[in-house]
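Read through the structure below, which is laid out as structure tokens, and then see the notes.
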Amino acid sequence: MITRQGVALLLTLLLVPIDGAALAHSHLKKSVPAAGAAVTDGPSEVRLQFDEPVEPRFSKIVVELKGKPVASEPAASDPSGG
């Protein structure tokens, strides 16, 4: 038999908001060269700016030439946003 306390606990668990950080994703604000840009010479660096910090362990950047990945140095984070 379900008690009042059991029902109250179940409702509380269902109605507690989920932490926003668990659902959040960073979104690209700016990139140099611009997203989707075609460049004649490969740039010496690519800069990506997101609307919030990015967790490098869970991030991946792929640079392609004619649909094939281009070897590059590992991505580095600039906490200053520079």
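The numbers here are math on the coordinates, done by the rules we state, and not lab data. Computed from a prediction, not measured in an experiment: that's the story for all the values here. All Cβ positions, even for glycine, are placed from backbone atoms using ideal geometry, and neighbour counts span all protein chains on display.
For the pair Phe58 and Gln5 in one chain, pulling the backbone fully straight at 0.36 nm per residue adds 15.0 nm over the alpha carbon distance. Residues Leu48, Leu65, ranked from the fewest to the most other C-beta atoms within 10 Å, line up as Leu65, Leu48. Between the amide H of Phe50 and those of Lys29, distances stay under 5 Å, these residues lying 5 or more places away or on another chain, with hydrogens modeled in the peptide plane. Spacing of the modelled spin labels on Ser44 and Lys29, each 7 Å from Cα toward Cβ, amounts to 2.5 nm.
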